[in-house]
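The values are calculated or read from the model by the stated rules, or taken from the named source; none is laboratory data. What you are looking at is a predicted structure, and each value in this text was computed from that prediction instead of being measured. Using ideal geometry, Cβ is built from the backbone for each residue, glycine included, and neighbour counts are taken over all protein chains shown. Surface accessibility is based on the protein's heavy atoms, side chains included, excluding ligands, DNA and RNA. Shrake-Rupley method; radii C 1.70, N 1.55, O 1.52, S 1.80 Å.
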Amino acid sequence: MLMDAHRLPRAAQGIGLKPRHMAELLAERADIDFLELHAENHMSAGGPMRDDLAAIAARYPLSVHGVGLSLGSAEPLDDQHLARLVHLVDELNPVRVSEHLAWSRLEGDFYNDLLPLPLSEESLEVVARHVDTTQQALGRQLLVENPSLYMALDNTLSEADFLTELVRRTGCGLLLDINNAYISAENLGRDLSDYLSALPLSAVGEFHLAGHSLDTEATPPLRIDDHGSPVCEAVWQRYAQLTDALPAVPTLIEWDTRIPSLPRWLEEAALARRYHASAATAPLACLEPAS
């Protein structure tokens with residue numbers, strides 16, 4: 001069961017927490033249900049930003065989203081990084097804790113990117129072990145996010161089968177990033193409806209929505225997960241269908257480059273509420289695109 005789910009209203013909407021917006025968020029309660037922060041930006045021992053974070057946590061429910069745990073690394077998890085994550089989660093008591101199906105660390109070196117891993121029985125055992133270790137350390141469920149992909153890897157398991165088995169083995173949840181799923185389908189020629197229908201949707205504990213860009217200089221053109229623009233219409237349509245199937249799942253609007261003003265970001269969250277309220281009637285097993 002998800003920790004502290006009662007702290008969020010049904011179909012809650014959230015945005016990311018950025019330093020430039022902290023003063024506004026503290027000056028007046030924004031019309032938003034929760035805020036999500038990147039764990040690695042708040043692992044320092046103290047300082048003014050830490051004080052502001054404590055004040056934010058007293059006013060808004062928080063979700064902690066990790067980007068550096070490196071669940072897909074073949075080597076053991078970084079004990080110090082995990083300990084800092086546990087300390088932050090214990091301090092903030094967030095409503096969700098999540099990480100990526102990716103790797104970013106090798107032989108002591110950290111790569112500032114979320115790198116994909118080949119999906120196989122061997123990598124599944126590694127990721128499951130790391131998820132188990134993380135959940136035991138946290139004392140709560142971890143949500144694992146599906147990746148955005150730009151090339152096909154030498155997989156022996158499909159991504160949906162991999163995530164389904166990961167959920168079964170560890171009891172983790174899924175953070176379903178609909179933009180990532182759309183990007184991967186477009187870039188790899190994957191059938192998005194088949195992919196979504198094959199996921200264990202009952203395990204989804206949070207949605208992510210974001211904008212992306214199109215690199216037309218690549219051959220063929222690639223959709224890039226840059227979180228630097230409004231959500232596109234095709235992703236909104238999928239979101240409406242998924243929220244019709246999963247009406248209680250909270251939604252986070254990401255925006256990490258070309259960050260807008262707080263009022264503009266809140267407009268995007270309000271748009272998510274409208275799409276959610278007018279969700280198309282779509283059967284759970286057949287999430288076809290709207291015509």
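Within the bounds of region 247-270, is there any residue that is surrounded by 16 or more Cβ atoms within 10 Å (Cβ to Cβ), modelled with pLDDT of 95 or more and among the small types (Gly, Ala, Ser)? Yes, some residue in region 247-270 is surrounded by 16 or more Cβ atoms within 10 Å (Cβ to Cβ), modelled with pLDDT of 95 or more and among the small types (Gly, Ala, Ser).
Could you please find all residues in region 227-244 being open to solvent by less than 30 Å² (accessible area, probe 1.4 Å) and farther than 15 Å from Glu268 by Cα? Those that are open to solvent by less than 30 Å² (accessible area, probe 1.4 Å) and farther than 15 Å from Glu268 by Cα: Arg238, Gln241, Leu242, Thr243.
Could you say whether any residue in region 169-190 is out of contact with any Cys (no Cβ under 6 Å at 6 or more places or on another chain), without any contact (Cβ under 8 Å) to a residue 40 or more places away in the chain and among the β-branched types (Val, Ile, Thr)? No: zero hits.
Among (1) at pLDDT below 95; (2) open to solvent by 50 Å² or more (accessible area, probe 1.4 Å); (3) acidic (Asp, Glu), which single condition is Glu24 missing? Against the list (1) at pLDDT below 95; (2) open to solvent by 50 Å² or more (accessible area, probe 1.4 Å); (3) acidic (Asp, Glu), Glu24 comes up short only on (1). Of all residues in region 213-267, those being β-branched (Val, Ile, Thr) and assigned to a helix (DSSP H, G or I) number 2.
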